[in-house]
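The structure appears right after this line, and notes come after that.
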């Protein structure tokens, strides 16, 4: 069973996600290293990703295209900064146009993925570092995570009780 | 989803305003109350250990964020919640976390497959 926590740190501008998998690190590593496995989980089912490039070496890059339900396309790119199989991976993640050209007006995110052996099998720690506090606010709605979760739970109940609104 | 909001603060996005408004516990409480049924500002003010003016200020912040709307009712102002804005905020609030929950769920599914299949 996956244990998951999400911790925002506004000073370091990071968001940390921790998950546990019932498989050894070498197996979890393949989910990142094999583009065919990677594309089965990176994009949501409605926007599957296709990796057209995946060069898993320091300095290497990856490119992917996600295709939406109406055939619309959104591109992304990675630049691998550090590769230490099967322990850690560091990459820069950015947006690209449908032709795969990196967008220069969109900020990039730096991501560090770490795999450790745990009782369950593997603990994966993923730290996303944002370019600015504004970007982090945009993506994580800083500081709201705890305070609002409860409130939103109540709102969900309200919504359920008020059909048509 | 946000296009119904009045853009009166250039340089600050609607979304920023929504989250800034919801960052305060009293304002969250007000939103939850007026989503259930509209209340006058004075009725709201009687619920909190703060001045009428302070509550009025909170309501103004919520109104600017599009989270509540005010309507004149005689000498009173009736405050009601705007469900569309709250819903939109909830979606974007959880977006990043949701993205990773989804990804981790899919990773788990792949790992649960028999070895031969995953390697194929």
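Within segment A:119-139, the set of residues being modelled with pLDDT of 80 or more and away from every other protein chain (no Cβ under 14 Å) comprises A:119 only. When segment B:40-51 is limited to residues that are touching a residue at least 12 places away in the same chain (Cβ under 8 Å) and surrounded by fewer than 21 Cβ atoms within 10 Å (Cβ to Cβ), the one that is farthest from residue B:81 (Cα to Cα) turns out to be B:50.
For (1) part of a strand (DSSP E or B); (2) more than 14 Å from chain A (Cβ to nearest Cβ); (3) modelled with pLDDT of 95 or more; (4) exposed (fewer than 15 other Cβ atoms within 10 Å of the Cβ), each residue gets a yes or a no:
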residue	(1), (2), (3), (4)
B:57	no, yes, yes, yes
B:60	no, yes, yes, yes
B:66	no, yes, no, no
B:71	yes, yes, no, yes
B:77	yes, yes, no, no
B:85	no, no, no, no
B:89	no, no, no, no
B:96	no, no, no, no
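The set of residues in segment A:108-120 being surrounded by 16 or more Cβ atoms within 10 Å (Cβ to Cβ) and over 14 Å from residue A:15 (Cβ atoms) consists of A:108, A:114, A:115.
Within segment A:24-45, can you find the residues that are in contact (Cβ under 8 Å) with a residue 40 or more places away in the chain and either within 26 Å of residue A:75 (Cβ to Cβ) or touching a strand residue (DSSP E or B) at 6+ places or on another chain (Cβ under 6 Å) (or both)? Give the derivation first.
Applying the first criterion (in contact (Cβ under 8 Å) with a residue 40 or more places away in the chain) to segment A:24-45 yields A:24-29, A:32-33.
The answer is A:25, A:28, A:29, A:32, A:33.
Of the candidates A:91, A:31, A:81, A:56, the single residue that is closer than 25 Å to residue B:112 by Cα and more than 14 Å from chain B (Cβ to nearest Cβ) is A:56. Of note, residue B:25 satisfies the criterion of being at pLDDT below 80 and farther than 22 Å from residue B:84 by Cβ.
The values are calculated or read from the model by the stated rules, or taken from the named source; none is laboratory data. Just so you know, these numbers come straight off a predicted model, no measurement behind them. Reconstructed Cβ throughout: ideal geometry from the backbone, glycine too, with neighbour counts over all protein chains shown.
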